[in-house]
Amino acid sequence: MSWYRDIKCILAAESELWLCYLHGKQLHNRTLFTKVKPPHSGLFLQIVKFLYVLFLDTRFAKTNRSLHPSTFFSFVGSANQLASLEQTLASIERGGERSVVVLNRTVLSEKEREQRGYITLQLSPLEAVRVAVLFFRRGIGLYRMVKAIHPVSVRWHFAYFCNVYKYLVYFHSAFSQNKPEFVITANDHSVPNRCMLAVAHHFGIKTVYLQHASVSNIFPALRVNYAFLDGQSALDTYRECELNQPSTFRRAPIPEVILSGQKKHLKRIEKSPTNILGIALNALDDAVLGIAFINKLVEHGMNVRLRWHPALSNQEKQQFHDAFSKSSKVTLSDPKQEPISTFMEQISWLIAGNSSIHLEAALAGVMPIYYELMEPDQPDYYGYVKHGLALTASSVDEVLMLMDRVKQDEQSNKNAVRYYSATYLTEWDGKEGQLVADCLMKISEGVQPEELPGYVSFYDNK
């Protein structure tokens, strides 16, 4: 059972708690994970949930996995990750390189995945059996580790830790068959992405990370071969994350860093023709407070377009539909239906709390205003106000004053935006995905990373 020995070796270097990083190592910093009870609570239901999802992810008919060797292997776990990878993936394809793109079944419809030539992450029956073997051989020890984290860890989140076995088995099998030269991810803290990186490092496959959103100092230590970060802000932040890694020895390289700008495609609005105010609510925002805030803006004659976080529950989304379905002043933007670029094209200002959507607004030529519905654990989490990218308001009156005072074409300091996205207003602005693809193909041809545009040393040489 060489597969079992390999996975056992990987877990010895990086345990389930580190691979399930947010729940295993940052639970105390994630209010949502400890305050909001999930629908499947209790150890028994968590195990049932794990086994049920494993069943859904198992294809009992002929698998659609492509087995050909490839230069590039990419995994996409969410729509946000896909938005950051699409331009790079398309550029790689145009360059004639062989690549495999694997998506979670919840990303795009089956028809869309097939049209684009993407592969669904699905296990064979044999691989599902291997997952079960890992679960039954390591489950009791895992239970003891998870129970020690937090009172709700087992009852609310045990299934997430069990999923480590599924992803380790899948990527071990995929890399054994596809033998890629590079593995590409747009996330370094979610379970499937971390498992993929761990398996790739074990096999000696080069790993590539494309940042898909702003980062914070609770992120894991950056350990990939090549990190394409948005800007200096991300590099400064990742330097603060060096202690966020296991003390055990693991085959994880110090990254070669290239500052390559924000990768999502956003059309810049030179002069917005609308008088619509965009409101973006994240998963921690209270829906009732959000509705009350929007109603106050409407009372002052504002036209509002509300966009919620993709992870928002159906119950909370229904609250917004119930509150505004008959309003002529409020329209709704479903992130699963409307791309972020389309949303930005329709608004002149953007109000949000701790969310990386502020950066996307600034890049699109929309004025970002930082406003919290309730006192946050850490104000200005990403430093947008501190570094001059976003303005700040603490009341409806202040919001209206800022909107009246600041002209659209004066909304952002170029250097402030460039601190977060290095390519802003440069020759690569809007072509960041192509820049990444060009760099990867040059690296594949033997060009040294320090010869590439945007290269910086991971360690601060000051």
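Here are a few things to note about the model shown:
Matching residues to (1) more than 18 Å from residue 168 (Cβ to Cβ); (2) modelled with pLDDT under 95:
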residue: 17; (1), (2): no, no
residue: 31; (1), (2): yes, yes
residue: 37; (1), (2): yes, yes
residue: 43; (1), (2): yes, no
residue: 48; (1), (2): yes, no
residue: 67; (1), (2): yes, yes
residue: 79; (1), (2): yes, yes
residue: 87; (1), (2): yes, yes
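- Residues in the range 189-220 that are assigned to a strand (DSSP E or B) and open to solvent by less than 10 Å² (accessible area, probe 1.4 Å): 207, 208, 209, 210.
- Verdict on residue 170 being touching a residue at least 40 places away in the same chain (Cβ under 8 Å), open to solvent by less than 50 Å² (accessible area, probe 1.4 Å) and within 19 Å of residue 53 (Cα to Cα): yes
- Boolean, residue 188 is among the acidic types (Asp, Glu) and within 17 Å of residue 80 (Cα to Cα): yes
- Filtering 427, 445 for residues that are farther than 22 Å from residue 263 by Cα and surrounded by fewer than 23 Cβ atoms within 10 Å (Cβ to Cβ) leaves a single hit, 445.
- Looking across the range 356-367, the residues that are under 21 Å from the mean Cα position of the chain (by Cα) and not in a helix (DSSP H, G or I) come down to 356, 364.
- In this structure, residue 33 does not satisfy being more than 21 Å from the chain's Cα centre (by Cα), open to solvent by 30 Å² or more (accessible area, probe 1.4 Å) and over 20 Å from residue 180 (Cβ atoms).
- When residue 402 is tested against (1) over 27 Å from the mean Cα position of the chain (by Cα); (2) over 22 Å from residue 283 (Cα atoms); (3) of a type outside the set (Phe, Trp, Tyr); (4) modelled with pLDDT of 90 or more, only condition (4) is not met.
- Qualifying residue in the range 176-188 (condition: over 30 Å from residue 423 (Cα atoms), part of a helix (DSSP H, G or I), in contact with a His (Cβ under 9 Å, 6 or more places away or on another chain) and open to solvent by less than 10 Å² (accessible area, probe 1.4 Å)): yes
- When the range 89-107 is filtered for residues that are surrounded by 15 or more Cβ atoms within 10 Å (Cβ to Cβ) and under 16 Å from the mean Cα position of the chain (by Cα), the ones remaining, listed by number, are 102, 103, 104, 107.
- Evaluating residue 70 against the criteria (1) touching a Leu at 6+ places or on another chain (Cβ under 9 Å); (2) touching a residue at least 60 places away in the same chain (Cβ under 8 Å) leaves one unmet condition, (1).
The values are calculated or read from the model by the stated rules, or taken from the named source; none is laboratory data. Nothing here was measured: the structure is a model prediction, and the numbers come from that model. All Cβ positions, glycine included, derive from the backbone under ideal geometry; neighbour counts span all protein chains shown. The area values use the complete protein model at the heavy-atom level, side chains included, leaving out ligands, DNA and RNA. Shrake-Rupley method; radii C 1.70, N 1.55, O 1.52, S 1.80 Å.
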